[in-house]
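Heads up, the thing below is written out as structure tokens.
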């Protein structure tokens, strides 16, 4: 049995190919419609960042809840969170597209608009980037430490690194709550600078966690199908399904909470957000979003037979890849364009980021043993069995 | 595969199955201790006060309270939300921890569920009495009637509330009761008193403990558990829409549904901790309610307290970010500062700051401090509801109708009365029902042990 994942030539070529398509799409977009190009850059970077954050949160959650079943494949979320530094660089690149994306960043916007003037102490370009640096440094330091402890545990054994990981997981979750909230306000909510909703941060966090777990399940299943993680059994599948199922409910709950309360109270400053979404061709996406992210996973995984079936879980995760994209699209694009746009730029940018993510992921995964050798819960995970 | 050395033991000492039944049912056969009688007397006194307050309310009307046109909701709604919140932990414990396969739930779920039922009953008193004409309370049922074709307002969150709470009470009471059936059978088989045999035998539904019965029992637990898991979230979400679907500053917040649910779980867990420490101390159940159980509750409390802190922060930040002058006034002039700043800061201190002491192992281990913190959390959660209900109403859009609010003795009496009723319920539970789920604790007795002591 291979203890390490090897990054073969084909994998690398495909990844680089995808990245080239992505760059081509961005350059093409930049020349024809720069606003759309920047919006795609933001969308896809946020997309894969939220998946990486979701995976790292999953990992931290396993420590603080003393969960054993996932110990076997914990190197996968570790590798997924290694995308965070890459996302940091791309997020800093947004600097050159601020004028296209954010209304509040327009020169002189604050002078004519009292709401923007009110928010200026928070929403201004220098502070925006200072915050980006703070968020990413915290996330990078903590995910790096968790990764380091995990690798040292392999070498030295004992409970020392496990206990350290537990402590740092708590700190990470604590900091993530604050920083990711503000980050989602900054990057996504401030696109509609007049609009606000205080469930927004939580909703974005859950979306990231949800799709991070779905992606994690998909990757673990794909690795299993390629001969790794031979111990993966139907009980693991059921636990993955439970996560996806529970998070689909939570996603639907937050979606509904925000929508229903804004619709019910009908305050113009707030309903404008959904009014936009219900006109100019966005409405179909609004419903597709609900179907992909809540209805299908919820209905499919409800049955006891389905939730242990590897193929079904795999396909639900694949549905959610599209679901997450639509969800992000409908969060970002109504603020950017009047009618929905979809074409080479959208497809290319997504493929490019997918390639980049896969490359970073594969590279990190190949650096350490696939199965952590001295994890105290390893046996629980290898012989995981649920009634 | 349960690793005791990492996760902490579930049952201490070398217990046999017989010994567990004996230990847990012992208080039922013993005479009630003095402290129990004293506590019962106090609870009865408090409940009597409550009944008098109820009588005054019904006899003379809502005018005996200090609620007015501006502050139309006062202590009664605060206490209603507070009790409903406490009534959440039972189901949260039983279902969420069951789904998450947290084995330590077994010693605690029975007491938590009992508490749920009593707390929800206390909560239900308030909306009924708040209607003014309590004898017409049945009007809230939507049914074809002779009052003209008069229907309830289906668009009203208050009506959704009624549906959600009655469903929750029904399901959580059934869940609690069916969970007790095997334990009632154990008492029936062990007791020497004929009277007890008859009573517990009646409630045990002729349980024999055959494998077929266990199969059905487990299927039923999962079905009821599944329904209750949805209800536990929906009840408090709907309670939150009572506020959030309005356009009152400080109430209209999209964050409210999850914020209320988390707050409810917070106060409920704190109350579970209070009760578990009492049970452990009063009945010497250290072997079943171990340090690691209380440790786990304390850890959940820190985590939830951080969520509460983040939610408070988000609300304040958003009120500024929104740029809405009314929101800003409510938060900055009428909560953080102003007439009700004490209540605001009491809420923040009790809920977001003091529970952080649980980060220290010494605090988690010291049961006296843990007990005090668990009480402080419930005080803090009361202040949270006060903050929401009163501050937003006292000073709303129209300065000419600004007012202040403080309760009358009748309102205080109602609150003390429900505390008494809750106390009576809990004390009866201590005396007549096995406080720990015997059959479930037996199920985890050998967790983590490789060599079985008896076969």
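Quick notes on this one:
- Where helices (runs of 4 or more DSSP H) fall wholly inside the stretch B:1-104, the ranges with 1 or more residues that are more than 30 Å from residue B:239 (Cβ to Cβ) are B:4-7, B:17-29, B:34-60.
This table checks each residue for (1) in contact with a helix residue (DSSP H, G or I) (Cβ under 9 Å, 6 or more places away or on another chain); (2) in contact (Cβ under 8 Å) with a residue 40 or more places away in the chain; (3) more than 14 Å from chain A (Cβ to nearest Cβ).
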| site | (1), (2), (3) |
| --- | --- |
| B:256 | yes, no, no |
| B:269 | yes, yes, yes |
| B:276 | yes, yes, yes |
| B:279 | yes, yes, yes |
| B:289 | yes, yes, yes |
| B:296 | yes, yes, no |
| B:299 | yes, yes, no |
| B:302 | yes, yes, no |
| B:311 | yes, yes, no |
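- Residues in the stretch A:186-204 that are more than 10 Å from chain B (Cβ to nearest Cβ) and either assigned to a helix (DSSP H, G or I) or within 11 Å of the chain's Cα centre (by Cα) (or both): A:186, A:187, A:191, A:204.
- Looking only at residues in the stretch A:261-270 that are over 27 Å from the mean Cα position of the chain (by Cα) and assigned to a helix (DSSP H, G or I), the one that is nearest to residue A:194 (Cα to Cα) is A:269.
- The stretch A:290-306, subset farther than 24 Å from residue B:238 by Cα and within 20 Å of the chain's Cα centre (by Cα), residue surrounded by the most Cβ atoms within 10 Å (Cβ to Cβ): A:297
- Within the stretch B:313-420, helices (runs of 4 or more DSSP H) holding 1 or more residues that are more than 30 Å from residue B:291 (Cβ to Cβ): B:325-328, B:341-348, B:367-386
- Helices (runs of 4 or more DSSP H) within the stretch A:22-103 that include 2 or more residues under 29 Å from residue A:222 (Cα atoms): A:34-64, A:75-81, A:84-93
- Residues that are at pLDDT below 85 and buried (at least 21 other Cβ atoms within 10 Å of the Cβ), drawn from the stretch B:269-287: none
- Checking every residue in the stretch A:164-179 against the condition of being within 30 Å of residue A:268 (Cβ to Cβ) and either more than 10 Å from chain B (Cβ to nearest Cβ) or in a helix (DSSP H, G or I) (or both) gives zero matches.
- Given (1) at pLDDT 90 or above; (2) crowded, with 17+ Cβ neighbours inside 10 Å, index of the condition residue A:178 fails: (1)
So that you can scan it fast, the table gives a plain yes or no per residue for (1) touching a strand residue (DSSP E or B) at 6+ places or on another chain (Cβ under 6 Å); (2) under 17 Å from residue A:316 (Cα atoms); (3) modelled with pLDDT under 90; (4) within 13 Å of another protein chain (Cβ to nearest Cβ):
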site: A:222; (1), (2), (3), (4): no, yes, no, no
site: A:249; (1), (2), (3), (4): no, yes, no, yes
site: A:253; (1), (2), (3), (4): no, no, no, yes
site: A:263; (1), (2), (3), (4): no, no, no, yes
site: A:266; (1), (2), (3), (4): no, no, yes, yes
site: A:270; (1), (2), (3), (4): no, no, yes, yes
site: A:279; (1), (2), (3), (4): no, no, yes, no
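- The single condition among (1) closer than 21 Å to residue A:377 by Cβ; (2) touching a helix residue (DSSP H, G or I) at 6+ places or on another chain (Cβ under 8 Å); (3) surrounded by fewer than 19 Cβ atoms within 10 Å (Cβ to Cβ) that residue A:111 does not satisfy is (1).
- Residues that are in a helix (DSSP H, G or I) and surrounded by fewer than 24 Cβ atoms within 10 Å (Cβ to Cβ) within the stretch B:245-268 comprise B:258, B:261, B:262, listed in sequence order.
- Residue A:183 part of a helix (DSSP H, G or I) and under 29 Å from residue A:112 (Cβ atoms): yes
- Selection from the stretch A:340-381 of residues that are within 14 Å of chain B (Cβ to nearest Cβ), assigned to a helix (DSSP H, G or I) and touching a helix residue (DSSP H, G or I) at 6+ places or on another chain (Cβ under 6 Å): A:378, A:381
The values are calculated or read from the model by the stated rules, or taken from the named source; none is laboratory data. Given the structure is predicted, the values throughout are model-derived calculations rather than measurements. Cβ coordinates were reconstructed from backbone atoms using ideal geometry, including for glycine residues, and neighbour counts include every protein chain displayed.
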